[in-house]
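A short worksheet on the structure shown next.
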There are 2 protein chains.
Amino acid sequence: MPLLGLLPRRAWAALLSQLVRPPCASRTGAVRCQSQVAEAVLTSQLKAHQEKPNFIIKIPKGTRDLSPQHMVVREKILDLVISCFKRHGAKGMDTPAFELKEILTEKYGEDSGLMYDLKDQGGELLSLRYDLTVPFARYLAMNKVKKMKRYHVGKVWRRESPTIVQGRYREFCQCDFDIAGQFDPMIPDAECLKIMCEILSGLQLGDFLIKVNDRRIVDGMFAACGVPESKFRAICSSIDKLDKMAWKDVRHEMVAKKGLAPEVADRIGDYVQCHGGVSLVEQMFQDPRLSQNKQALEGLGDLKLLFEYLTLFGIAEKISFDLSLARGLDYYTGVIYEAVLLQTPTQAGEEPLNVGSVAAGGRYDGLVGMFDPKGHKVPCVGLSIGVERIFYIVEQRMKTKGEKVRTTETQVFVATPQKNFLQERLKLITELWDAGIKAEMLYKNNPKLLTQLHYCESTGIPLVVIIGEQELKEGVIKIRSVASREEVAIKRENLVAEIQKRLSES
Amino acid sequence: MPLLGLLPRRAWAALLSQLVRPPCASRTGAVRCQSQVAEAVLTSQLKAHQEKPNFIIKIPKGTRDLSPQHMVVREKILDLVISCFKRHGAKGMDTPAFELKEILTEKYGEDSGLMYDLKDQGGELLSLRYDLTVPFARYLAMNKVKKMKRYHVGKVWRRESPTIVQGRYREFCQCDFDIAGQFDPMIPDAECLKIMCEILSGLQLGDFLIKVNDRRIVDGMFAACGVPESKFRAICSSIDKLDKMAWKDVRHEMVAKKGLAPEVADRIGDYVQCHGGVSLVEQMFQDPRLSQNKQALEGLGDLKLLFEYLTLFGIAEKISFDLSLARGLDYYTGVIYEAVLLQTPTQAGEEPLNVGSVAAGGRYDGLVGMFDPKGHKVPCVGLSIGVERIFYIVEQRMKTKGEKVRTTETQVFVATPQKNFLQERLKLITELWDAGIKAEMLYKNNPKLLTQLHYCESTGIPLVVIIGEQELKEGVIKIRSVASREEVAIKRENLVAEIQKRLSES
């Protein structure tokens, strides 16, 4: 009932009751027209929200603020991810936070959460972007770009029931790397897996494994097992849940909810237990059912070539051909992959973490063509790093270890032991700022020296420069190391050079 | 008529006509119920949108994609801005892209563009954030933070009529720096102006001026001129247009549209022509009208102190006390400022740029209290850098000069002159990536050498490493400088060290 969805149920009922009956006379005897009634309903609704704004200080469901502590962790992780993308020659780009709704619809399959729609305020039907892949495909088609290696770091929004404890929010950051263009088979695909390995190793999250499969093998397996083609995507969605649900529950869903014949489900069940290295690929070439399916054979052939390249990249032992990997999104057409942490770093006192997949991706050769007026295809392969989960793991680990991060980068604090030295402090800090030194002082006319030194200790500032009557008279500034508490007087004209020397040494 | 706005006009008309008349029999004789009709109207609407998705490849009105070229310029400018914020001891933070609508309403004054509301999909009334200041104030109140120096770089959304040619979009980036907390007067305020100067000087955008005024002086001037207090904010909005409109037009708006007495408008007219340095502050202390107003005197006193600190910071000559500066936003309570470029860099062939203000801000001591249940205030002062306009200026300048930017950072290209060397290239590039070197190769089994070298020249890659039969036999790799075309053979085990040496020298 799409129309009813546009209005809150109560407002709608009130409106309908007014519209269906003839306009009634109000108690004052005046006739209220329909639009007045409707307006009144809505106005009172809005008013109820506005009357006590002071008591509803909260943020939208499923979202959160990122504190300076969060930001420091994020900045470090994103720097590592982005520098890996750049190491592989990717260019940066960005797209708007929202797209025309029709660009996004029917791209994500049945298990995708709801999209955030914008209110039609007299213009276009818009939705917040749901991932960075569809906007990328739209960008390629719109600008007729046939070849591009790009990364994109940005927020996406999904109105899923938030399980916040696991670090899943309705607003979250994605880090995508994609290679668009017609190339020789499996070379870009292998590079995507190499990138995932470099990033996961670099982040030192513990041991990990990348599961690999191919949509053509999945579909070939379905066909070989007797799944009707009309049910391929629905059954694919069920299979995708195998990392969270037991086989018997997934089987139940397929049979009871999606109407699959039990014997077909059982045939699938035999396959999805299989995982292994390149030898499993060879084995599947001999499989009596799969070897009859052209699609599956194509997929297997590509996986064989992929493993050859992965060996040359030195990462084959990190990769597992896994027939249970299906990936929920509709747009994949070839190789698909998903990285999982093998053992969460459970050190003494650390709570066990269930973080699931931390990176995933695959080949989507048809998506760009869906946006091209003539259907011209641009083959693409890419990956997305699940940075939110990674942030969560790193934050949990720091919490357990009691590690603290500095949330500022201030190098020097300007202090005085005397009263009436604000002017001198302002002049001194100007010298530092103008020399590019990160410096702070207290915004007080006459702060106590102890307060000033305490500020440095609590915020981790390593150096203090001190100016007082004595220093002013002698043309010197005292430099104090916060850690060692050693103080030494430096000629004022040498101050900046001395600070820079000390900072470069530390 | 808020309710009518929820549905497109035609759908609404169709719906109304069905609802007011009794349910009619369709041609097949079946009775269609109202909700079916309503649904049909909407379904057909949606269908019209979905039937030819291929022919509506566009992005939402007033938005744009940021190409790799844009991103490179942005990254440089944002790096400079953020490093200035960090130099002054600011912490990073972020807030969700949307807030509860009631958090944002009635904060921005009459001239603010429309907010983007999200569709109520069974939860909360949400709107995209309109600036970064209100979310910051909400954050402080919600977390009971009494003191914080933070920066925030993020997108905001305003549904204004986009004048795209001037670099104004409905989605744009803001860079904010704010100091919250109770401090001795004007020290943080002066630092905000210092930061604006550092950033605008650092970006080398040409000469600039920062206009300064105080809301208490504006309001005091209004009171002294005879503006009724109920019209203060409305007249303030009119005055704010003086940088885009002539005085006579602003006067007309105040008199004809806002009902101000002509003689009151003329009194204001005398003041808003005044601008100057600290001497104008002194002069205004003697002004027969202003000197009678307590608020104005407070503002003037603070400005005098501000100028003292600005002199110590060495930036007083960049600042102009300007009585025409009013600032449109409702939440300012004290000092306000706005930086304008004095002369756009019009070099030969460059189109004249009209960019208006490139940074602005002020003191807002009441905003946090609006969100606090008990109304506890946290005084704040801050600034926002108009980075979108700055991006625009820098891009225009580069365009005029014909400057090109590299959109990748790739340092080394892996090439081969022979066929069947894909495996060797893959092994070689793995060594480079694993050593942290930014490297690319073509995704082809057997690319031509000329194609490979041409790729380096067109994308600006400085070094090529070449492997062929000869090199493989001798255990060497050839390094070629793309610029000089010089080639030299290096022992393979020394390759990484040699590349790192060359890169560090360049």
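Within segment B:268-290, does at least one residue satisfy the condition of being away from every other protein chain (no Cβ under 14 Å), surrounded by fewer than 17 Cβ atoms within 10 Å (Cβ to Cβ) and basic (Lys, Arg)? No, segment B:268-290 contains no residue that is away from every other protein chain (no Cβ under 14 Å), surrounded by fewer than 17 Cβ atoms within 10 Å (Cβ to Cβ) and basic (Lys, Arg). Among the residues of segment B:436-448, are any in a helix (DSSP H, G or I) and over 18 Å from B:ILE479 (Cβ atoms)? No, because not a single residue in segment B:436-448 is in a helix (DSSP H, G or I) and over 18 Å from B:ILE479 (Cβ atoms). May I ask you to verify whether A:ARG150 is within 22 Å of A:GLY328 (Cα to Cα) and at pLDDT 95 or above? So A:ARG150 does not fit the description; no.
One line per residue, one yes/no per condition, for (1) farther than 30 Å from A:THR105 by Cβ; (2) hydrophobic (A, V, I, L, M, F, W, C); (3) within 14 Å of chain B (Cβ to nearest Cβ); (4) surrounded by 17 or more Cβ atoms within 10 Å (Cβ to Cβ):
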| position | (1), (2), (3), (4) |
| --- | --- |
| A:GLN292 | yes, no, no, no |
| A:LEU303 | yes, yes, no, yes |
| A:LEU306 | yes, yes, yes, yes |
| A:LYS318 | yes, no, yes, yes |
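To keep it simple, each residue is scored yes or no on (1) part of a helix (DSSP H, G or I); (2) over 30 Å from A:THR311 (Cα atoms).
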position	(1), (2)
A:ILE235	yes, yes
A:LYS241	yes, no
A:HIS252	yes, yes
A:GLU263	yes, yes
A:TYR271	yes, no
A:LEU280	yes, no
A:GLN283	yes, no
A:ASP287	no, no
A:SER291	yes, no
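Here A:GLN174 qualifies as part of a strand (DSSP E or B) and either within 8 Å of chain B (Cβ to nearest Cβ) or not β-branched (Val, Ile, Thr) (or both).
Residue-level check: of (1) modelled with pLDDT of 95 or more; (2) not in a helix (DSSP H, G or I), A:CYS197 misses just (2). Listed conditions (1) assigned to a helix (DSSP H, G or I); (2) in contact with a strand residue (DSSP E or B) (Cβ under 7 Å, 6 or more places away or on another chain) are all met by B:LYS211, apart from (1).
Anything in segment A:438-462 that is more than 9 Å from chain B (Cβ to nearest Cβ) and within 37 Å of the chain's Cα centre (by Cα)? List them, or say none. Of everything in segment A:438-462, those that are more than 9 Å from chain B (Cβ to nearest Cβ) and within 37 Å of the chain's Cα centre (by Cα) turn out to be A:TYR455, A:CYS456, A:GLU457, A:SER458, A:GLY460, A:PRO462. Is it the case, given these coordinates, that A:ALA223 is more than 23 Å from the chain's Cα centre (by Cα) and more than 10 Å from every other protein chain (Cβ to nearest Cβ)? Yes: the conditions hold for A:ALA223. In segment A:377-429, the qualifying residues are those that are open to solvent by less than 10 Å² (accessible area, probe 1.4 Å) and of a type in the set (Phe, Trp, Tyr), and the one that is farthest from A:MET142 (Cα to Cα) is A:PHE413. Being open to solvent by less than 10 Å² (accessible area, probe 1.4 Å), at pLDDT below 95 and in contact with a Gly (Cβ under 8 Å, 6 or more places away or on another chain) is the filter here, so list the residues in segment B:160-184 that pass it. Of everything in segment B:160-184, nothing turns out to be open to solvent by less than 10 Å² (accessible area, probe 1.4 Å), at pLDDT below 95 and in contact with a Gly (Cβ under 8 Å, 6 or more places away or on another chain). Among the residues of segment B:380-412, write down those that are aliphatic (A, V, I, L, M), touching a helix residue (DSSP H, G or I) at 6+ places or on another chain (Cβ under 9 Å), more than 29 Å from B:GLY366 (Cα to Cα) and away from every other protein chain (no Cβ under 14 Å). Passing the criteria: B:ILE390, B:VAL394, B:MET398.
Results for (1) in contact with a His (Cβ under 9 Å, 6 or more places away or on another chain); (2) modelled with pLDDT of 95 or more; (3) not acidic (Asp, Glu), shown as yes or no for each residue.
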residue	(1), (2), (3)
A:GLY276	no, no, yes
A:GLU282	no, yes, no
A:GLY301	no, yes, yes
A:GLU308	no, yes, no
A:LEU312	no, yes, yes
A:PHE321	yes, yes, yes
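For segment B:209-240, a residue qualifies if it is in contact (Cβ under 8 Å) with a residue 60 or more places away in the chain, more than 23 Å from B:ASP365 (Cα to Cα) and open to solvent by 10 Å² or more (accessible area, probe 1.4 Å), and the qualifying residues are B:LEU209, B:ALA224.
The values are calculated or read from the model by the stated rules, or taken from the named source; none is laboratory data. Because the structure is predicted, anything quoted here is derived from the model rather than measured. Because the Cβ atoms are built from the backbone with ideal geometry, glycine has one as well, and the counts that use them run over all protein chains shown. Remember, those area values only see protein heavy atoms, side chains included, never the ligands or the DNA or RNA. Shrake-Rupley method; radii C 1.70, N 1.55, O 1.52, S 1.80 Å.
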